[in-house]
Amino acid sequence: MARKLKAVVIGAGMAGILAAIRLKELGHDVTVLEKADRVGGTWRENRYAGLHCDVPAHAYTYSFAPNPDWSRHLSPGPEIQLYFEKVADDHGVTALTRFGQEVSEARWDDAANQWKIETKAGLKLDADILIAATGVLHHPKMPDIEGLDSFAGTAFHSARWQDGIDLAGKRIGIIGNGSTGVQIVSALAGVAAKTVHFQRSPQWIMPVENEFYSDEQRAAFRADPKLVDAIRYAPEYEANVRRFSEAINDMDSEAIHQIEWVVANHLETSVADPVLREKLRPNYRAACKRLIFSWDYYEKVQQPTVDVVTDGIERIEPAGVRDRAGNLHELDVLILATGFHADRFVRPINMIGRGGAALNDVWAKRPSAYLAVAVPDFPNMFLLNGPTGPVGNFSLIDIAEKQWGYISQLIARIADGEIASAAASHAAMADYDERRIAAAKKTIFASGCSSWYLDAEGVPASWPWSYDAFTQAMTTPKLDDFDLAA
Ligand code: NAP
């Protein structure tokens, strides 16, 4: 390495921790800027009852930091948060993170080949390399429902969980049934005196096992790391990932038809009451909205203290939620599991690239990045889990590691002095977007439903090709696709 680079990583979540570890290993000077007071990203922000990761625990783990201690197949959120805190501590990332530093602006200085970064707290930093690891779903979407402010009980968004709130014996309403709402209802059914699930659109539910690992199994994992590898790299798991990617990327594939059969059968065989079964039956295709994996939702919604309301919400009143059939559901607590603004990414940071290009303008129509990692006119700014990446039901850790493998090769050329900067070329970006948008229209996400996958024009905003195509694309950067400055 000819040059020790100054690198700034925005965000100390899963992807930011990864980038910081790798940059530090390479000997660069790394600062992580984190707006909150702890690492963890989405796992720090989301602390709702029932939070689990629906990607198998041993696959939702950094390849270089296996964890023999996961308690079950799908790990609970608090365990994942502890895992990230531990990895960040063990690898010295916590020590180089500046907490309470929300980046307000990053401006490219072409003469210096550097980013000039400012935080809201007034910190100013220069960086040769800027890594945007700001996550995908981190701006809560509040529902626009009349009377929300008038509710006399406690109301909060699922990602703004009220720590310490005692929900036992309360009457609780949950609005929304994406992955979040379903997990919350499963956790509260039977704990709350009454659980009312307000469903604007039903969801298809994929059954999944969630067995606990025994103390003996965990001891064996600790004694022999190959046992953990055998789970993480199991051919069945990899085959499932490929099969799932085939299913979501081709709405006519046999793989998606199989999924449709499984979820329909799950509904048919799990929900006894025909009236409830029809309430829970979506009128769109499986996996059009992000598929939900649950081992107990159908069991839990059939409990006598749970109501599923599908009449629509007329308004919120001080005492509770009035549905469109005129019924008032009296509640003590209202949980808004209403999702996120999925198009923000690194925004609202004021990102100004080469020639004064403002990212907000570049992304005015839709956020996009060449191969999900680089943006024309934004040299040496690389995104992890940026727009158009494979944010389907895969391990985003695996995705981020592959993206890092790609980005790190460009950084190595900069450190070697071969180039001073690299930004995706406009031609490569335009070609990528054209091909991506054409392919996106064949994905299951475009089969006729609303979801956070769709951009403002109704085009699925995620990686539309196979998992293998993604792996291949991340192997080696094509330098011809970049504007390189010497
Ligand atoms: P989401 O999938 O966007 O779901 C939001 C829900 O709120 C939908 O059911 C939506 O109904 C409903 N909603 C929104 N506004 C409403 C309104 N005004 N009135 C009534 N209902 C309203 O959000 P999410 O459940 O938080 O999940 C977001 C993503 O986070 C997931 O898709 C997944 O990628 C990720 N996630 C992952 C896990 C995991 O285990 N790995 C867990 C949780 C979340 P409509 O469908 O009718 O719009």
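What follows draws every value from the coordinates through simple rules; no lab data is involved. Note that the structure is predicted; figures quoted are calculated from it, not measured. FYI the Cβ positions are ideal-geometry reconstructions off the backbone, even for glycines, and counts take in every protein chain you see.
How about segment 106-161: which trypsin sites (Lys or Arg not before Pro) there lie in a loop by DSSP and see at most 16 other Cβ atoms within 10 Å? Mind showing how you got there, number by number?
On the way: sites: ARG107, LYS116, LYS120, LYS124, LYS141, ARG160; in loops: LYS120, LYS141.
Sparse-neighbourhood loop trypsin sites (Lys or Arg not before Pro): LYS120, LYS141.
Taking the Cα-to-Cβ direction at SER253 and at GLU105 and moving 7 Å from each Cα, how far apart do the two end points lie in nm?
Inter-label distance under the simple model: 4.6 nm.
If one computes the Cα centroid of segment 393-434 and of segment 305-350, what distance in Å separates the two points?
39 Å
Using the Cα centre as the reference, give the magnitude of the dipole from point charges on the C-beta atoms of the chain (Lys, Arg: +1; Asp, Glu: -1; all else neutral), rounded to the nearest 20 debye. List each step's numbers first, then the result.
Working: 50 positive and 64 negative charges, 107 e Å.
Approximately 520 debye in magnitude.
Filter the cross-link list LYS86/LYS478; LYS194/LYS279; LYS365/LYS441; LYS24/LYS116; LYS402/LYS478 down to pairs whose alpha-carbon distance in this structure exceeds 24 Å. Write down the numbers at each step before the final one.
Numbers: LYS86/LYS478 36 Å; LYS194/LYS279 19 Å; LYS365/LYS441 17 Å; LYS24/LYS116 21 Å; LYS402/LYS478 15 Å.
Pairs exceeding the cut-off: LYS86/LYS478.
How much net charge surrounds LEU148 when only the other residues with a Cβ under 11 Å from the Cβ of LEU148 are counted, with Lys and Arg +1 and Asp and Glu -1? If you can, show how the numbers build up before the last one.
Values: positive: ARG315; negative: ASP144, GLU146, ASP149, GLU317.
Around LEU148, the charge tally is -3.
So what J values fall out for segment 289-299 if you push phi through Karplus, 6.51 cos²θ - 1.76 cosθ + 1.60 with θ = phi - 60°, rounded to Hz, Gly and Pro as x?
Whole-Hz 3J(HN,Hα) from phi for segment 289-299: 7, 4, 4, 9, 10, 8, 9, 9, 4, 4, 5.
Can you tell me what percent of all Cα-Cα pairs in the chain are more than 35 Å apart? Intermediate results must be reported in sequence, preceding the final value.
Working: 40779 of 117855 pairs.
Percent of Cα pairs beyond 35 Å in the chain: 35.
What spacing in nm lies between the two simple spin-label points modelled at GLN217 and SER451, each 7 Å away from Cα in the Cβ direction?
Taking the simple label geometry, GLN217 and SER451 are separated by 2.9 nm.
What does the convex hull of the alpha-carbon atoms of segment 257-403 project to on average, in nm²?
Working: hull surface 52.8 nm².
Average projection, Cα convex hull of segment 257-403: 13.2 nm².
DSSP loop trypsin sites (Lys or Arg not before Pro) in segment 297-332 with at most 14 other Cβ atoms within 10 Å of their Cβ, which ones?
Details: sites: LYS300, ARG315, ARG322, ARG324; in loops: ARG324.
Passing sites in segment 297-332 are ARG324.
Can you compute the label reach from ALA325? Point 7 Å from Cα along the Cβ direction, backbone N cut-off under 13 Å, restricted to segment 296-311.
Answer for this model: 307-311.
Which value in Å does the Kirkwood hydrodynamic radius of segment 283-328 take, with 1/r averaged over all unlike C-alpha pairs and then inverted?
Values: mean 1/r = 0.0758 Å⁻¹.
Hydrodynamic radius (Kirkwood, Cα pairs) of segment 283-328 is 13.2 Å.
Going by amide H atoms built from the backbone, whose H comes under 5 Å of the H on VAL30, apart from near neighbours?
Placed amide hydrogens put ALA7 under 5 Å from VAL30.
Once phi is turned into ³J(HN,Hα) by the Karplus curve 6.51 cos²θ - 1.76 cosθ + 1.60 with θ = phi - 60°, what whole-Hz value does each residue of segment 117-125 show in order, with x for glycine and proline?
10, 10, 10, 4, 7, x, 6, 10, 9
Rg/Rh for segment 390-458 to two decimals, with Rh computed the Kirkwood way over all alpha-carbon pairs. Let's see the in-between values first.
Values: Rg = 16.3 Å, Rh = 14.9 Å.
Over the Cα atoms of segment 390-458, Rg/Rh equals 1.09.
So who's got an amide H within less than 5 Å of the one on GLN114, skipping anything under 5 residues away but keeping other chains? H placed 1.01 Å off N, in plane.
Hits under the 5 Å cutoff: ASP109.
Measuring from centroid to centroid over Cα atoms, what is the spacing of segment 104-158 and segment 190-240 in Å?
32 Å
Search the structure for amide H atoms under 5 Å from the amide H of VAL309, placed 1.01 Å from N in the peptide plane, and list their residues when 5 or more places away or on another chain.
HIS197, PHE198, GLN199
When N counts the residues of segment 349-470, how does its alpha-carbon radius of gyration compare numerically with 2.2 N^0.38 Å, as a ratio? Walk me through the numbers before you get to the answer.
Values: Rg = 14.9 Å, N = 122, 2.2 N^0.38 = 13.7 Å.
Cα-based Rg divided by the globular estimate yields 1.09.
What's the longest bit of the chain with no exposed GluC sites (Glu not before Pro), using DSSP loop states and at most 15 other Cβ atoms within 10 Å as the test?
Numbers: sites that count: GLU102, GLU146, GLU209, GLU211, GLU418, GLU457.
With GluC sites (Glu not before Pro) excluded where exposed in loops, the chain gives 212-417 as its longest stretch.
Counting each pair of different Cα atoms once, what's the Kirkwood radius of segment 50-148 in Å, rounded to one decimal? The partial results should precede the final answer.
Details: mean 1/r = 0.0586 Å⁻¹.
Evaluated over segment 50-148, this radius sits at 17.1 Å.
Give a quick list of trypsin sites (Lys or Arg not before Pro) in segment 328-421 that DSSP marks as loop, anything other than H, G, I, E or B, with at most 11 other Cβ atoms within 10 Å. Before the final figure, lay out each step's value.
Details: sites: ARG344, ARG354, LYS365, LYS402, ARG413; in loops: ARG344, LYS365.
When the trypsin sites (Lys or Arg not before Pro) of segment 328-421 are filtered for loop state and at most 11 Cβ neighbours within 10 Å, LYS365 remain.
Residues of segment 25-69 with the amide nitrogen closer than 20 Å to a label point 7 Å from the Cα of ARG160, along Cα-to-Cβ, please.
35-38, 41-51
Relative to the first principal axis of the alpha-carbon coordinates of the chain, what is the inclination of helix 77-90, with its axis defined by its Cα atoms, in degrees from 0 to 90 and to the nearest 10?
The angle comes out at about 20 degrees.
Quick one: length gained pulling LEU227 to ALA65 fully straight, 0.36 nm per residue minus the C-alpha distance?
Difference between extended and current length: 56.9 nm.
Let me spell out the model: positive unit charges on the Cβ of Lys and Arg, negative unit charges on the Cβ of Asp and Glu, origin at the Cα centre of segment 82-165. What dipole size does that give, in debye rounded to 20? Could you put the intermediate results ahead of the total?
Numbers: 8 positive and 14 negative charges, 16 e Å.
Dipole magnitude for segment 82-165 comes out near 80 debye.
Quick one: what are the phi-derived ³J(HN,Hα) couplings along segment 318-329, Karplus 6.51/-1.76/1.60 with θ = phi - 60°, whole Hz, x for glycine and proline?
In residue order, the calculated couplings are x, 8, x, 10, 9, 8, 6, 8, x, 7, 9, 9 Hz.
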